[in-house]
Amino acid sequence: MFPSMISRERLGSLRSAEEQRFADLHPRSAALAARARGPLLAGVPMPWMTRWPGGFPVFVDAAAGARLTDVDGNEYVDLCLGDTGAMTGHALPQVTAAIAQRAQAGLTTMLPSPDAVWVGEELARRFGLPTWQLAMSATDANRFVLRFARHLTGRPRIAVMDWCYHGTVDETLAVLDGDSVVARPGALGPQVPVAETTAVVPFNDLDALDRRLAVGDVACLLMEPALTNIGIVLPDRGYLEGVREVTRRHGVLLVNDETHTLCAGPGGATAAWGLEPDLLVVGKPIGGGVPCAAYGMSAEVADRLSGPMLGHEIDVAGVGGTLTGSALALAAVRATLSTCLREEDFAVAVPLAERFTSGVAGVIAEHGLDWHVQRLGCRAEYWFCPPPRDGAAAAAAVDEDLEGFLHLWCLNRGVLLTPFHNMALLSPHHTEADVDRHTGAFAGAIAALLAP
Ligand code: PMP
């Protein structure tokens with residue numbers, strides 16, 4: 001059964017009932033949301049926070065492990081985990097202690113702290129690239145990498161996958177419209193003419209990549225080894241090997257953005273699948289919630305960069321950030337990577353994600369729906385269609401009404417899913433009962449939607 005066969009009337013009336021239930025459960029959040037509309041644009045400190053289901057955002061009181069409590073005392077199983085920022089679990093005692101200790105010894109000095117050395121060595125060990133730099137966010141890291149790539153190759157364009165997401169990097173907010181590159185729908189006040197800055201190719205299409213890179217104007221290909229921002233779209237067998245061969249042949253630097261695909265294992269998809277990027281970006285959870293990202297590079301790239309990197313004008317070269325690589329961030333990354341996101345942590349989280357997918361798949365099968373659930377390591381996501389092979393197919397299958405309803409239904413039953421995805425992240429802090437709670441909620445929602 002396709003989503004179009006779900007009665008929109010029923011969906012609408014169920015949604016209204018859930019919105020009422022949401023309002024009844026969250027009076028304190030409602031009051032804070034009303035007040036916040038005065039000083040804060042759209043009543044939130046950051047625009048994405050308007051994308052949660054319900055008439056207003058839930059205000060958080062506290063989060064620990066895989067649990068979150070709101071200001072009304074409602075407790076949730078958190079499958080969003082800060083959209084990967086808290087993939088380790090929230091408020092880990094060892095990270096909290098390291099942050100507190102560092103706070104008493106100075107947070108930011110514009111000088112390296114000893115933790116920097118440990119962090120560089122650990123990133124090299126995990127991801128297999130020898131040389132590293134820190135950034136404040138994955139967005140920042142991506143921007144710096146694009147700049148380096150242009151500098152090294154002298155080429156003007158960057159290439160990305162159709163319907164990718166790499167943060168608020170202006171040139172990457174581009175999609176294909178037929179053969180043309182256009183600003184991604186929703187991109188606010190496009191900052192750069194993407195048709196001039198960006199080449200866009202469909203995921204899983206080696207011929208298209210080869211044809212586009214053959215033009216010779218592309219400095220680097222920035223990609224996630226599996227798309228995770230338009231649902232999970234996995235690479236076809238042999239595709240990533242093909243990408244490496246094509247990029248090498250055309251002298252295009254390959255950048256793996258592992259910010260989300262870190263869910264595939266301690267060294268992301270790069271280590272899990274034996275990939276050989278020239279540069280690699282990772283962000284979000286590496287600081288256990290403290291803003292921090294990193295980018296690594298091959299020995300060859302590092303060698304070619306070490307000249308300009310030492311130049312006296314590096315402070316205005318467009319790569320940096322005053323608070324970047326701070327003692328706070330490095331202490332947080334050290335505490336996080338020494339105790340989290342290790343083989344033994346994935347050994348707990350991945351089977352939970354498998355349980356999640358088999359639970360959801362069971363409900364889908366029971367109702368004979370033509371839906372699909374995909375998994376990459378400890379990340380799982382369901383789709384209202386068969387598995388898409390590229391971003392455009394994935395984007396075409398998005399059903400915001402249905403998605404919003406399912407999220408609200410789950411939220412009202414104590415389960416948080418990531419907004420603007422049907423995504424669940426599992427951590428070592430979740431339990432089988434947590435997973436089953438989602439499966440039960442999902443089953444209830446589908447039964448309500450399809451009731452005769
Ligand atoms: N890269 C990828 C693959 C992402 O998914 C995101 C955010 N969703 C980013 C980069 C940007 O991360 P941030 O917003 O923390 O800068």
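The values are calculated or read from the model by the stated rules, or taken from the named source; none is laboratory data. Note that the structure is a prediction, hence the values are computed from the model and not measured. No Cβ is skipped: glycine too gets one built from the backbone with ideal geometry, and neighbour counts run over all protein chains shown.
Just for helices (runs of 4 or more DSSP H) wholly inside segment 214-325: which have at least 2 residues that are free of Cβ contacts under 8 Å to residues at least 60 places away in the same chain?
239-249, 299-309
Please give the number of the condition P57 fails out of (1) more than 16 Å from the ligand (Cβ to nearest atom); (2) in contact (Cβ under 8 Å) with a residue 24 or more places away in the chain; (3) touching a Ser or Thr at 6+ places or on another chain (Cβ under 6 Å).
Going through the list (1) more than 16 Å from the ligand (Cβ to nearest atom); (2) in contact (Cβ under 8 Å) with a residue 24 or more places away in the chain; (3) touching a Ser or Thr at 6+ places or on another chain (Cβ under 6 Å), P57 breaks only (3).
Within segment 130-160, restricting attention to residues that are over 21 Å from I314 (Cβ atoms) and of a type in the set (A, V, I, L, M, F, W, C), which residue is surrounded by the fewest Cβ atoms within 10 Å (Cβ to Cβ)?
Ranking the candidates gives A159 first.
Which residue is nearest to T259 (Cα to Cα), if the candidates are limited to segment 130-145 and must be within 15 Å of the ligand (Cβ to nearest atom) and not in a helix (DSSP H, G or I)?
Out of the qualifying residues, it is S137.
Give me the pairs, please: first residue somewhere in segment 137-165 and under 25 Å from L234 (Cα atoms) and of a type in the set (A, V, I, L, M), second residue anywhere and part of a helix (DSSP H, G or I) and within 11 Å of the ligand (Cβ to nearest atom), beta-carbon distance under 8 Å, and either six or more positions apart or on two chains.
A138/K284; I158/T172; V160/T172
May I ask you to list the residues in segment 146-173 that are assigned to a helix (DSSP H, G or I) and either more than 15 Å from the ligand (Cβ to nearest atom) or not assigned by TED's automatic domain parsing to the domain that holds V194 (or both)?
R147, F148, A149, R150, H151, L152, T153
Exactly one condition in (1) surrounded by fewer than 17 Cβ atoms within 10 Å (Cβ to Cβ); (2) within 20 Å of G404 (Cα to Cα) is false for L40; which is it?
Here L40 meets the rest and fails (2).
Quick test for you: out of A105, A124, A98, pick the one residue that is in a loop (DSSP other than H, G, I, E, B), more than 16 Å from the ligand (Cβ to nearest atom), touching a residue at least 12 places away in the same chain (Cβ under 8 Å) and closer than 27 Å to A329 by Cβ.
A105
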